[in-house]
1. Search the structure for amide H atoms under 5 Å from the amide H of Trp70, placed 1.01 Å from N in the peptide plane, and list their residues when 5 or more places away or on another chain.
2. Scale the Cα Rg of segment 81-120 by the rule-of-thumb value 2.2 N^0.38 Å and send over the ratio, two decimals.
3. Round to the nearest 0.05 the FRET efficiency obtained for Thr9 and Tyr52 when R0 = 30 Å and r is the Cβ-Cβ distance.
4. Using the Karplus curve 6.51 cos²θ - 1.76 cosθ + 1.60 with θ = phi - 60°, what ³J(HN,Hα) values do you get for each residue of segment 64-73, in whole Hz, with x for Gly and Pro?
5. Say each of Ile162 and Arg60 gets a label point 7 Å from the Cα, pointing the same way as Cα to Cβ; how far apart are those two points in nm?
6. Between Val51 and residues 5 or more places away or on another chain, which pairs have amide H atoms under 5 Å apart, with H built 1.01 Å from N, and which residues are they?
7. Going 7 Å from the Cα of Ser100 in the Cα-to-Cβ direction, what parts of segment 134-155 have a backbone nitrogen less than 11 Å from that spot?
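Nothing in this text is a laboratory measurement; each read-out follows from the coordinates by a stated rule. All of these numbers come straight from a predicted model, not from anything done at the bench. Backbone-built Cβ (ideal geometry, glycine too); neighbour counts: all protein chains shown.
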Amino acid sequence: MCLGDLGVTWQEQRARFQQLFQYFAEGLPPASLAHLTESRQGDRGDGGALVYLFDTPDGRLFYQDTSGHWGGILRELRPDAAILAAAGRGNVDGQPIQGSLAQFVGRQVALLDVGRVVLCHPDDWLPGFSVDTDLGPIKEELARVAPATELLELGYVDGTPILG
């Protein structure tokens, strides 16, 4: 459960990100640091999540790269399936979530009213910084708030159809 950090200014957020980058430079294993350096695409400004909605012949797919969303946008989309970030502390409407990652994911699934969900980043995707996400609380929350939604648990490079 995460609480606090409400009303933090953009400048304070930037200062915290600088502390995080300092940790990256000093605390990550060399291979993880090399990966971050090679994949750096520049500063996106506020660290906000990128989301995409794909219209395909098999249905609509929502994709999210980071645990964050704007509720007013999500509730209007109605995709058939969603790939949702499930790592760290979620950001809702510009503020850090006051609750757990499971509550954050459950809230998104309920807003999207989606039939199938795949979790993005639930694994140890950046050794030395990230950890495996405990899916138990997320499964419990989804059963509570969206019992008709199917959670697909994929293995590494699985060829599982998500739509259709």
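1. Asp93
2. Rg over 2.2 N^0.38 Å, computed on Cα atoms: 1.10.
3. Details: r = 29 Å, r/R0 = 0.97.
The formula returns an efficiency of 0.55 here.
4. 10, 9, 9, 6, x, 6, 10, x, x, 7
5. 1.5 nm
6. Under 5 Å from the amide H of Val51 lies no amide H from a residue far enough along the sequence or on another chain.
7. The answer is 134-142.
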